[in-house]
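Heads up: the structure comes next, in structure tokens.
Every number in this text was worked out from the coordinates using simple rules, so none of it is lab data. These numbers were taken from a predicted model, which means no experiment stands behind them. Here the Cβ positions follow ideal geometry from the backbone for every residue, glycine too, while neighbour counts run over all protein chains shown.
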Amino acid sequence: MANAYVIDRNSIKLPKEVSEKLKLKEGMELKVISDEVDGVLILKVVEGKSKDFSGIKGIGKEIWEDVDAQKYVTQERNEWN
């Protein structure tokens, strides 16, 4: 049995051997079933539910070519007030 570690309230670091056994990849969806009495967690990979957004990297970057991102964000935030 391997140990998992709590990173923060919403994040758990799984042991490498568990990640490899489940063939986990970034963006995959897992169903978590918990037994509150015994403190047991069961992870199940949800097939076909990958949320891999790596293919959209760079789309629309030409729109922001001549824009200073920090100035833009500051201007938007100032308009909220």
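Angle of helix 69-80 to the longest C-alpha principal axis of the chain, folded into 0 to 90 degrees and rounded to 10: 90°. Put simply, the chain fits an ellipsoid with semi-axes of 39, 19, 12 Å; these come from the alpha carbon gyration tensor as the roots of five times its eigenvalues, largest first. Across the chain, Cα pairs under 8 Å and at least six residues apart give a relative contact order of 18 percent.
What does the net charge come to around Ile42 if you take all other residues with beta carbon closer than 9 Å to its beta carbon, with K and R at +1 and D and E at -1? Overall, the nearby charge balance is +1. Each label point was placed 7 Å from the Cα along the Cα-to-Cβ direction; for Tyr5 and Glu47 their separation is 3.4 nm.
Loop-located trypsin sites (Lys or Arg not before Pro) across the chain with a Cβ neighbour count of 12 or fewer within 10 Å are Arg9, Lys23, Lys25, Lys49, Lys51, Lys57, with loop assigned by DSSP.
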